[in-house]
Amino acid sequence: MQHTLGTLLLLVSMYIKSQMEYRGAFWLDRLAQIVSYGAVLLGMWILLQKFDLLGGWNWPELALLFSFQLLAYALGASASFTQLRDLEDLVRLGTLDALLTKPINTWAYLIFSGLNIGYAGHIILAIPVLVWALLAAQVQWSLFTAMFFAASLISAMLVTGAVITMIGATAMIWVRSNHLFSIFFGFWELTRYPLNIFPGGIQAVMLTIVPLGYISAVPVAVLLDKPVPLLGDFAWLAALLAGPVLTLIAIAHWRYAMSRYQGAGG
Amino acid sequence: MSAYTAFVRSGFLTSLAYRSEVWANIFGKLVQVFARVAIWLAVYAGVTAVDGISIGDMITYALLGGVVMGATRYDRIIRHVGTALKTGDVAVWLLKPVHYPLYLLSIEAGASAYTFLLAVVPTIVIVALVYGMHPPASLFHGVMFAAYCGLSFIIHFLCAAIFGVLAFWLMTIFSLEWLLQSLISLLSGLLIPFWFFPEPFGSIASHQPLAWLVYYPSAVWLGRLDIGQTLLYFGFGIAWAGLLTLALTLLWRRAASRITVHGG
């Protein structure tokens, strides 16, 4: 166990070192991401200057939703997205076969050898906005809300990682999986907005088949004591359970996909 | 010329080969257009008109944004240059009797035509059937909308190609792609039309080239510009396209000479 942990830490440090070889490009990329997400936030601000409320949510509340989503996504995706997006190429080129022969868990090797520190830009933008929004949105703080905030953020992070893992793992069955990421990001952009503004069908999909509602809309609505469509009084429990439950499903799906893998490259 | 026609065809047929991605894109776009309409319905919250703009106008505006921005993909153009730069293919293009930026334009025209016909049109028809969509303000505005769409494609391509060619100096396309994304999301009018921007930002935003991507085509369809203004701003758009073409030509010449210096 200690040996495995040591290996994983070594993989992470080697990857970070390789990224930092191009330090200028690395920070330029982060700056570009901060500007890009900042533009989205600015767009929301402009909209709220004109219209005051969006689905009953004011500017600080929407800023809280935006920053919570960005932080949860960054934390979850750093340990999943680029690694599992590239799994399709590993399957297609046959490179995955070489990884399967390594004396280490394949998932752990994939994730830790590519732990994406590039999400630093997301986090650098999300944390100050989150702190400001938590102060400005008049959250009714108590021991429960404080614990709920921390636990729901971890759960949201797990939801992100689990959904991305399930999408990426399908490459081992169908060889291709990247088109599914197009659908994922279509829904992901919706998680910047309150769930109640969308038609009932999209709400239902975002709480079940594509459960991205738990990344931000559900936990932040609970924090702000706002009604959550379809879940009602169980929203807080669903927000906390979504992460662990989806993680278990993702583990089962990964194992199933591994068992179905037959190799596609030559 | 026949070579570029063949590239257009090639772009179209290449898209045909990746059908699953196109269908996934249709679904992704459908969700995004539904979302944009939902956002406008939510902010209007039952109010019939704000600053003389009705909720029906805004639903139409959101759908038109999908029409003019749904097919062309700036990221595809930038990544094309990035890949050519990374693999060294760009040096091979310099040897061929074709102009690389024109080749890019042809490939993108073919791919955009495919996405427009098979992804954008069905998406917009579905959402329009659900929410309703205003027809063009007049026949003149309808015809000019089509002309503005053509201009939108050209300016979209030129901006993406300029950002792509900048990779010759930066040697990375990642930041360029993200920067253009931020500019387009805010300054094309895709998310919020400039008439809702606080002044003087609205006036400034409506005179920069990205405004011709979504804002002007949609404003023309809705009849927000009279006949004189429609023609005048079309002229301004052509002037911007001319300036951007000049910028791309100069940048490409310098980039090509850099490759000559460092290649071999």
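FYI, it's all coordinate maths here, none of it is from the lab. Worth saying up front: this structure is predicted, and the values here are computed from it rather than measured. Here the Cβ is made from the backbone with ideal geometry for all residues, glycine too, and neighbour counts use every protein chain on show.
Per-structure values
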read-out: Peptides B:252-258, A:180-186 ordered by average Cβ neighbours within 10 Å, highest first; value: A:180-186, B:252-258
read-out: Partners for residue A:17 among lysines (Cα-Cα distance below 29 Å; same-chain residues under 8 apart left out); value: A:102, B:86
read-out: Value of relative contact order over chain A, rounded to a whole percent, pairs C-alpha under 8 Å and six or more apart; value: 27 percent
read-out: Most mobile of A:121, A:56, A:213 in a GNM of chain A (Cα contacts under 10 Å); value: A:56
read-out: The protein assembly as shown - Debye-derived log10 I(q)/I(0), Cα point model, q = 0.05, 0.07, 0.08, 0.12 Å⁻¹; value: -0.21, -0.42, -0.55, -1.29
read-out: Shielding of B:176-186 by partner chains, average beta-carbon count, 10 Å; value: 6
read-out: Phi-based couplings in Hz for region B:218-233 (Karplus 6.51, -1.76, 1.60; Gly and Pro marked x); value: 5, 5, 5, 4, 7, x, 6, 10, 6, 4, x, 5, 4, 6, 4, 6
read-out: In range of the label at residue A:97: residues from region A:172-193 whose backbone nitrogen is under 19 Å from the point 7 Å along Cα→Cβ; value: A:172-176
read-out: Angle in degrees between helix B:74-87 and the longest Cα principal axis of chain B, rounded to the nearest 10; value: 10 degrees
read-out: Residue-averaged 222 nm ellipticity for the protein assembly as shown, from DSSP H runs of 4+ at -39500 (n - 2.57), nearest 500; value: -24000 deg cm²/dmol
read-out: Reachable lysines, given that their alpha-carbon falls under 23 Å from the alpha-carbon of residue A:50 and they are not under 8 places away in the same chain; value: A:226
read-out: Positive-end residue, region B:2-262 charge dipole about Cα centroid, Cβ charges, pick of B:257, B:231, B:102; value: B:257
read-out: In nm, spacing of pseudo-spin labels at residue A:117 and residue A:147 (7 Å Cα→C-beta vector); value: 3.6 nm
read-out: ³J(HN,Hα) computed for each position of region B:195-203 - Karplus, 6.51 cos²θ - 1.76 cosθ + 1.60, integer Hz, glycine/proline x; value: 5, 9, 6, x, 7, x, 5, x, 5
read-out: Förster radius 30 Å - calculated FRET efficiency between residue B:21 and residue B:247 (Cβ-Cβ, nearest 0.05); value: 0.40
read-out: Convex hull (Cα only) mean projected area of chain B, reported in nm² to one decimal; value: 14.9 nm²
read-out: Chain A: DSSP helices with Cα axial extent of at least 20 Å and average Kyte-Doolittle hydropathy no lower than 0.0; value: A:2-20, A:23-51, A:59-78, A:120-136, A:143-169, A:235-260
read-out: Whole-Hz ³J(HN,Hα) from phi, Karplus 6.51 cos²θ - 1.76 cosθ + 1.60, for region B:165-174, glycine and proline x; value: 5, 4, 4, 4, 8, 7, 6, 8, 9, 4
read-out: Relative packing of peptides A:24-37, B:224-237, B:53-66 - highest average C-beta neighbours within 10 Å first; value: B:53-66, A:24-37, B:224-237
read-out: Average other protein chain Cβ within 10 Å of Cβ, residues B:31-44; value: 6
read-out: FRET efficiency, 1/(1 + (r/R0)^6) with R0 30 Å, evaluated for residue B:232 and residue B:76 via beta carbons; value: 0.40
read-out: √(5λ) per eigenvalue of the Cα gyration tensor, region A:2-260, largest first, Å; value: 33, 21, 17
read-out: GNM top mover of A:49, A:19, A:83 - chain A, alpha-carbon springs below 10 Å; value: A:49
read-out: Set of lysines with alpha-carbon distance to residue B:29 below 23 Å, sequence-local pairs under 8 removed; value: none
read-out: Folded to 0 to 90 degrees: helix B:19-44 orientation relative to chain B principal axis, Cα; value: 40 degrees
read-out: Sparse-neighbour loop sites [chymotrypsin sites (Phe, Trp or Tyr not before Pro); region A:217-266; at most 13 other C-beta within 10 Å; DSSP]; value: none
read-out: Stokes-Einstein D in µm²/s, Kirkwood radius over Cα pairs - region A:153-252 at 20 °C with 1.002 mPa s viscosity; value: 156 µm²/s
read-out: Shielding of B:194-207 by partner chains, average beta-carbon count, 10 Å; value: 1
read-out: Lys, Arg +1 and Asp, Glu -1 on Cβ, resulting dipole of the protein assembly as shown about Cα centre, debye, nearest 20; value: 1120 debye
read-out: Between region A:206-228 and region B:110-188, the alpha-carbon center distance in angstrom; value: 32 Å
read-out: Between helix B:121-131 and chain B: long-axis angle, C-alpha atoms, 0 to 90°, nearest 10; value: 20 degrees
read-out: Cβ-based charge dipole, the protein assembly as shown, positive-most Cα from A:227, A:76, A:54; value: A:76
read-out: Length-normalised contact order for chain B - Cα pairs under 8 Å, 6+ apart - percent; value: 26 percent
